[in-house]
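First comes the structure, then the notes that go with it.
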Amino acid sequence: MAIKDELDFIRKGKGARVRARSVSIEQTWTRIQGDEDLSVKEKLEKLINLTGAKKTVKPSRPVDSVVKDDLVVADVADVADIEDAEPSTRREALLFLEHPYPPHTRYGKHRLEEADSIKGDILYRLSHDVEFEDLDLSTALFLDLETTGLAGGTGTVPFLVGMGYFRDGRFNVGQFFLGELGEEERMIRDLSRFFRDMDFKSIVTYNGKAFDLPLLETRFILFRETLGLSRLPHLDLLYSARRLWKHKHDSCRLFHLAQQIVEADRDEDIPSAEIPFRYFDYLRNGDFSLIEPILYHNQEDILSLLGLLISAAGLFAEEEIDAMDMFGVGKVYESHGDMEKSAALYERALAGDLPDEVAVLVKHKLSTHFKKNADWDKALHLWRDLSSQGELAFYRDMAIYFEHKAKDFGEARRIAQEGLALSMDLGSKLREDFVRRVDRLAGKMAKSAGGKRRDR
């Protein structure tokens, strides 16, 4: 069965029928949040009491699950098996699901096994962490949380911890699901043991530096546990994704780039803002169908993250990539201070098919580089091109060059006068600079002419 078909089992069906009920939960939660005298647990308990008189127990135990150390563990070939489970006598307080994907599994245009070829130097380029130079993805943890809120802080609880990792020749998606808020401490301790046992060497996230990892670290501290992940090299792909694709796509959301770059056939399965309220509703009535779309969404995010990383790494081979991607790779090298490599890519991109606004940006970057390296012929060519498009600042750069480098005061004054004429209506500092420059150059030209007459 294709990976898309497997994941669709969770997304389809029951999710749409609970959307209206989640809106009611959201409205109630908004009112409760303003009470600063309540702890987050008390607020959530109050939410449950206000939105339902009594919890009702629904089936939740997955097929073929086993109980190990009081933790329900499901090694499922298809997470959708949860939906078809036989009724359970109680709701599971803590659930661990693990879904293995064979290396030949295709997600979008990539096979998952392509991650094996991503070397440490590329991971370093994408992460800005030199420790990645000696690593690959075989020991990496892909991390994505689903939480009771998007603001972070001590009042936000991660109720679903999604993890991706390579083990035994497969890519596994593991998920810790918190079925009862009172069991969060047990989940944190199980997570701590899991991280130690797996001995991960690095982390890969999407906006994890700002959200996922600080939030998880806060929960570990609250329960007097140490989050060893905080000491590992961390590749937050969001930052490099913006450099690589922000100029090319309207959105750098993981969902959007998974569709556009990875070519994954994924839908907007559930809005992120709706996830907390589905969980609150689940706490009230135990209906696991509310959670199934969230499990699907989380799995998709983990797989999208891996697929996007494979796509990003592939651009650095610089084989058969278009001018826009070449510009994006150049921006990554520029972020490392490698302007020689970056400039070479920018020149190649400029020779290709770039939209006008991107071409202007590339010319700006190249002209700055050539000026800094005193490559005056290339810089002058770009200044003339940009000034002809109304970029008045480059009249000033050309005037400076002819005055101080070429010592051609006449040409410098002519260019300054042209810049002044074009800036007459601006009333800017640039206009004032042209006025002073024209006057100074007139004096230099007179002085130079007087010296020549005396020499005769």
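Structure summary
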| quantity | calculated |
| --- | --- |
| Tally of residues being under 28 Å from SER335 (Cα atoms) and small (Gly, Ala, Ser) across the range 238-292 | 4 |
| Index of the failed condition, ARG414 passing every other in (1) touching a Ser or Thr at 6+ places or on another chain (Cβ under 6 Å); (2) surrounded by fewer than 18 Cβ atoms within 10 Å (Cβ to Cβ) | (1) |
| Residues located in the range 329-347, provided they are over 17 Å from ARG242 (Cα atoms) and either at pLDDT below 95 or among the aliphatic types (A, V, I, L, M) (or both) | MET339, ALA343, ALA344, LEU345 |
| Flag for GLY307 being at pLDDT 95 or above and either buried (at least 22 other Cβ atoms within 10 Å of the Cβ) or in contact with a Pro (Cβ under 7 Å, 6 or more places away or on another chain) (or both) | yes |
| Helices (runs of 4 or more DSSP H) lying entirely in the range 179-289 (those with 2 or more residues that are touching a residue at least 12 places away in the same chain (Cβ under 8 Å) and within 30 Å of PHE327 (Cα to Cα)) | 237-245, 254-260 |
| Selected residue (only one of GLU268, GLU263 is touching a Lys or Arg at 6+ places or on another chain (Cβ under 8 Å) and surrounded by fewer than 24 Cβ atoms within 10 Å (Cβ to Cβ)) | GLU263 |
| Residue in the range 204-223 that is among the acidic types (Asp, Glu), in the same structural domain as ARG284 (by TED's automatic domain parsing) and more than 25 Å from LEU308 (Cβ to Cβ) present | no |
| Selection within the range 407-425 - in contact (Cβ under 8 Å) with a residue 24 or more places away in the chain and of a type outside the set (S, T, N, Q) | PHE409, GLY410, ALA412, ARG413, ALA416, GLY419, LEU422 |
| Among the candidates GLU133, GLU113, GLU146, residue that is touching a residue at least 40 places away in the same chain (Cβ under 8 Å), in the same structural domain as THR218 (by TED's automatic domain parsing) and charged (D, E, K, R) | GLU146 |
| Elements of type helices (runs of 4 or more DSSP H) in the range 302-413, at least 2 residues being of a type in the set (Lys, Arg) | 339-350, 356-372, 376-388 |
| Failed item in (1) of a type outside the set (S, T, N, Q); (2) closer than 24 Å to GLU300 by Cβ; (3) touching a His at 6+ places or on another chain (Cβ under 8 Å), with ASP129 passing the rest | (2) |
| Residues of the range 92-136 satisfying the condition of being charged (D, E, K, R), outside any loop (DSSP other than H, G, I, E, B), touching a strand residue (DSSP E or B) at 6+ places or on another chain (Cβ under 8 Å) and surrounded by 16 or more Cβ atoms within 10 Å (Cβ to Cβ) | GLU98 |
| Scope the range 290-301; condition over 27 Å from LEU126 (Cα atoms) and assigned to a helix (DSSP H, G or I); matching residues | LEU290, GLU292, PRO293, ILE294, LEU295, TYR296 |
| Residue match in the range 271-287 (condition: hydroxyl-bearing (Ser, Thr, Tyr), farther than 27 Å from ASP356 by Cβ and surrounded by fewer than 19 Cβ atoms within 10 Å (Cβ to Cβ)) | yes |
| Checking PRO293 against (1) touching a residue at least 40 places away in the same chain (Cβ under 8 Å); (2) within 21 Å of the chain's Cα centre (by Cα), the condition it does not meet | (2) |
| Those residues of the range 300-343 which are of a type in the set (A, V, I, L, M, F, W, C) and without any contact (Cβ under 8 Å) to a residue 12 or more places away in the chain, in sequence order | ALA317, ILE321 |
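The values are calculated or read from the model by the stated rules, or taken from the named source; none is laboratory data. Since this is a predicted model, take the numbers as computed values, not measurements. No Cβ is skipped: glycine too gets one built from the backbone with ideal geometry, and neighbour counts run over all protein chains shown.
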